[in-house]
1. Find, among the GluC sites (Glu not before Pro) in the stretch 234-277, those assigned to loop by DSSP (not H, G, I, E, B) with at most 15 other beta-carbon atoms within 10 angstrom.
2. Please arrange Ile279, Ile42 by counting, for each residue, the other beta carbons lying within 10 Å of its beta carbon, fewest first.
3. Express the Stokes-Einstein translational diffusion coefficient of the stretch 31-175 in µm² s⁻¹, to the nearest whole number, given a Kirkwood radius over alpha-carbon pairs, 25 °C and a viscosity of 0.890 mPa s.
4. Quickly work out the Thr106-to-Gln228 label distance, labels modelled 7 Å from Cα along the C-beta direction, and quote it in nm with one decimal.
5. Which value does Rg/Rh take for the stretch 204-281 over its C-alpha atoms, Rh per Kirkwood?
6. Could you name the aspartates and glutamates in cross-link range of Lys31, using Cα to Cα under 14 Å and dropping any fewer than eight places away on the same chain?
7. For all pairs of alpha-carbon atoms in the stretch 48-98, what percent lies in each bin of width 5 Å, listed from the first bin to the last filled one?
8. Could you work out how far apart the two model spin labels at Asn219 and Arg168 are, taking each label as a point 7 Å from the Cα in the direction of the beta carbon, and quote it in nm?
Amino acid sequence: MIGSSKTSFWIVLPVVVLLTSWVWTGNAAEKRILTSFYPVHIATLNVTAGVPGVQVAMMTPVSAGCLHDYQLTTDDMVNLSRADILIVNGLGAETFLDAAMKRLNTLKVINASEGIEPMVVNGETNAHVWLSVRLHIRQVNRIAEGLALADPGHANTYRVNAAAYVGRLRELQTRYEEGLKGGGVRAVVTFHDAFPYFARDYGFTVVAVVERHPGAQPNARELRDAIQVIRQRGVGFVFAEPQYPPVAAELIAKETGARVLLLDPVVSGLPREEAYVEIMDRNMATLQQAFARPAQAAEKR
């Protein structure tokens with residue numbers, strides 16, 4: 001199963017022959033690498049940078065965001081049938097692929113979260129491990145080692161690229177550790193259960209999650225519960241996500257006096273090598289703003 005934390009480097013899948021054109025253009029590549037979604041794709045772009053004869057494409061559209069409700073399409077099956085390697089996040093993020101795994105053969109799968117102990121939140125494995133810089137470094141190294149085994153002719157380049165990118169990620173981690181020292185109120189409300197690893201690493205507590213699945217409008221009870229927690233805990237900030245309309249967050253803010261800030265789960269954006277670091281730096285600036293002083297809403301009450 002794709003979501004298992006014990007998945008080995010490869011899963012061998014049945015070949016499906018589909019008469020269609022390849023998703024990527026240009027000359028036939030030595031290796032066609034398909035990534036499941038945005039955070040895995042950005043990591044893979046860094047590991048494969050400058051490797052000759054390698055093409056990397058992302059299977060799901062950027063608009064898919066987190067993949068809780070994603071449905072496999074005919075085009076996805078075409079792309080899977082023509083790829084040499086599939087790179088996934090694992091930990092249950094790609095359950096939409098489970099049925100396809102029974103129909104394909106020869107496709108090598110690299111699970112970026114292999115060996116990472118997942119957090120269990122409300123009885124469910126949480127897959128958002130990439131939001132921990134510390135654990136994302138392990139994902140990058142896992143991708144590099146998987147590609148080195150699959151494509152030994154370029155093994156050294158994958159490893160060198162990974163080492164360079166890990167260096168930038170370690171610098172990012174240091175910025176977080178230095179930038180989030182001390183500060184004020186550390187209790188927050190989020191709109192999606194994407195941030196438990198992030199909160200654990202950087203010293204804050206998610207006291208309420210309004211939407212268990214992104215994009216699903218909270219019902220009256222969920223809104224009421226969030227408002228009650230904010231008032232009881234003196235939470236001054238509600239973190240919405242840039243991928244979704246902040247209507248419910250603004251309603252909660254109006255009722256409580258809390259401020260709405262944007263915290264990005266790194267599931268969409270331009271497919272650039274620098275994207276993860278840039279988005280995470282913006283998230284750090286948001287947290288610094290939130291934790292710099294006691295919550296104004298709490299003072300008013």
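1. Loop-located and lightly packed - Glu274.
2. Least to most surrounded, the residues fall as Ile279, Ile42.
3. Once the numbers are plugged in, D ends up at 157 µm²/s.
4. 5.8
5. For the stretch 204-281, the value is 1.02.
6. Asp84, Asp151
7. 4, 16, 27, 26, 15, 8, 3, 0
8. Distance between the two pseudo-spin positions: 4.5 nm.
None of the figures in this text is laboratory data; all of them are computed from the coordinates on show. Given the structure is predicted, the values throughout are model-derived calculations rather than measurements. Please note: Cβ atoms are built from the backbone with ideal geometry, for glycine as well, and neighbour counts cover all protein chains shown.
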